[in-house]
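Colleague: Quick one: the structure is below, and I'll ask about it shortly.
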Amino acid sequence: MSSTLQTQLASLHGAKSSSRRHEEAVGRGIHHSVNVGHSLSVSSAKFKPSILYPDARAAADISVATIREDGIAALRQLEVLTGNDRFTSREIIHGLFGPQSLQLEKRRLAKAEWQTIHNQISSLLYCLAAAHSSEETQSSSSGSAAVLRVMEYLLRRYDIHVSSPHLLLLTCLPQHEAPFFARILQLVDLSAMPMWTWLRPYAAAGAPPLTRSAIANRTSKDDALLVELLQLAKDIAMSESSSSRILSFVAATVAEALSKQARGGTSSQLSEQTVRNVLPFVLSACGGGGEDVAEKQPLFLCCREWRGLGYILATVISENCTLGSAAREVIAVTMAKGALLIDK
């Protein structure tokens, strides 16, 4: 009898331990082993990262050559949809998606070679973010699918969920309610990135979609995330013509975050450090520096949405903070000078 009881107790203890291990594994990425308790090699033949196929085991049945061919077709489709010829540029088609990429081994590359590839991947992720948010792609289910087909090859061949997890999350964040974003959360080791650990509950199977309000709430408490969102908006505005939806997302999220911070503080005002972090972006958007790469002109003149974001932030700051006379003067003068340039 005692032996049977001991067996039952051991079984219960094992079940609890197993349940706890699975709970702790949420948000640790596709390569985390529940049994071992840490990440294993990314080169497993049985499991492959995917945002297209039902699961990692099903993805492993699809050859990387097939995913590459599908990705190239998707790049050509995105060029037609968006008019952005960078999707079919030589560095993308013959570089990242070239036949030589099938045999690429990061560990055999020189540091400079891998940095070049990393820069190309970063540029492509920005292009994909803008394309996914463009009106042309939003109105076409095949357009959205094309973006995912390109990302599928980047995941399979370059392990961007491991090599570029921060940029992958940041550029996909405007699509936070899409099913593929939840898949990305399950691929990335969120526990290794302090800025993103708060997303771990959303990586659980069956978790509700991440809402913009939840993003704004976190941003109100994290100035580092606030700056990253504003920098994303600026980078997209400088490099992509189809940027309006992303800039609208950032403007709405940051405006809500600033209001939440002001309401939640003891002084009912924004913190001085937050204002210091936001102000350079406000000045840039209202009439300051930052040059559009294609137009060779100040960014606020070339991108109406970037300018609008600056006006929104300037309004929110003035409503939620008692600015000093020097700060008020800098904002007013910058906006006045910007307005004169716009009227020319």
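The values are calculated or read from the model by the stated rules, or taken from the named source; none is laboratory data. Just so you know, these numbers come straight off a predicted model, no measurement behind them. Neighbour counts run over all protein chains shown; Cβ positions are idealised from the backbone, glycine included. The accessibility values were calculated without ligands, DNA or RNA, using every heavy atom of the protein model including side chains. Shrake-Rupley method; radii C 1.70, N 1.55, O 1.52, S 1.80 Å.
Colleague: Has segment 286-296 got at least one residue that is under 30 Å from residue 84 (Cβ atoms), part of a helix (DSSP H, G or I) and modelled with pLDDT of 90 or more?
Modeller: Step one: of segment 286-296, the residues under 30 Å from residue 84 (Cβ atoms) are 286-296.
Then keep just the ones that are part of a helix (DSSP H, G or I); that gives 286.
From what is left, the residues that are modelled with pLDDT of 90 or more are 286.
Yes, because at least one residue in segment 286-296 is under 30 Å from residue 84 (Cβ atoms), part of a helix (DSSP H, G or I) and modelled with pLDDT of 90 or more.
Colleague: A follow-up question, please. What about residue 230, is it modelled with pLDDT of 95 or more, closer than 15 Å to residue 29 by Cβ and within 13 Å of the chain's Cα centre (by Cα)?
Modeller: Numbers: modelled with pLDDT of 95 or more: yes; closer than 15 Å to residue 29 by Cβ: no; within 13 Å of the chain's Cα centre (by Cα): yes.
In short, no.
Colleague: Looking only at segment 320-334, count how many residues are closer than 13 Å to residue 271 by Cα and open to solvent by 70 Å² or more (accessible area, probe 1.4 Å).
Modeller: Summing the residues that are closer than 13 Å to residue 271 by Cα and open to solvent by 70 Å² or more (accessible area, probe 1.4 Å) in segment 320-334 gives 1.
Colleague: With the structure loaded, tell me whether residue 274 is touching an Asp or Glu at 6+ places or on another chain (Cβ under 7 Å) and modelled with pLDDT of 85 or more or whether it fails that test. I'd like the intermediate steps shown before the answer.
Modeller: On the way: touching an Asp or Glu at 6+ places or on another chain (Cβ under 7 Å): yes; modelled with pLDDT of 85 or more: yes.
So residue 274 passes the test.
Colleague: Which members of segment 168-192 meet the condition of being within 17 Å of residue 28 (Cα to Cα) and open to solvent by 30 Å² or more (accessible area, probe 1.4 Å)?
Modeller: 182, 183, 186, 189, 191, 192, listed by residue number.
Colleague: Please list, ordered by first then second residue, the pairs with beta carbon atoms under 8 Å, 6 or more apart or interchain, first in segment 80-104 and under 17 Å from residue 63 (Cα atoms), second small (Gly, Ala, Ser).
Modeller: 97/71; 101/95; 102/65
Colleague: Which ones in segment 112-166 are within 14 Å of residue 74 (Cα to Cα) and not in a helix (DSSP H, G or I)?
Modeller: If the condition is that a residue be within 14 Å of residue 74 (Cα to Cα) and not in a helix (DSSP H, G or I), then 140 is the only one that fits.
Colleague: Kindly provide the set of residues from segment 193-217 that are open to solvent by 10 Å² or more (accessible area, probe 1.4 Å) and among the aromatic types (Phe, Trp, Tyr), ordered by number.
Modeller: Selection gives 198, 202.
Colleague: Filter segment 46-81 down to the residues that are of a type outside the set (D, E, K, R), assigned to a helix (DSSP H, G or I), open to solvent by 30 Å² or more (accessible area, probe 1.4 Å) and under 24 Å from residue 136 (Cβ atoms) and list them by number.
Modeller: 73, 77, 80, 81
Colleague: So for segment 120-131 (the condition being in contact with a Pro (Cβ under 8 Å, 6 or more places away or on another chain) and within 28 Å of residue 196 (Cβ to Cβ)), does at least one residue qualify? Give the steps one after another, and end with the answer.
Modeller: Of all residues in segment 120-131, those in contact with a Pro (Cβ under 8 Å, 6 or more places away or on another chain) come to 129.
So of that shortlist, the ones also within 28 Å of residue 196 (Cβ to Cβ) come out as 129.
The answer is yes, given that some residue of segment 120-131 is in contact with a Pro (Cβ under 8 Å, 6 or more places away or on another chain) and within 28 Å of residue 196 (Cβ to Cβ).
Okay, residues lined up against (1) open to solvent by 30 Å² or more (accessible area, probe 1.4 Å); (2) in a loop (DSSP other than H, G, I, E, B); (3) touching a Lys or Arg at 6+ places or on another chain (Cβ under 6 Å); (4) over 28 Å from residue 78 (Cβ atoms):
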| site | (1), (2), (3), (4) |
| --- | --- |
| 228 | yes, no, no, no |
| 233 | no, no, no, no |
| 238 | yes, no, no, no |
| 255 | no, no, no, yes |
| 260 | yes, no, no, yes |
| 263 | yes, no, no, yes |
| 267 | yes, yes, no, yes |
| 275 | no, no, no, yes |
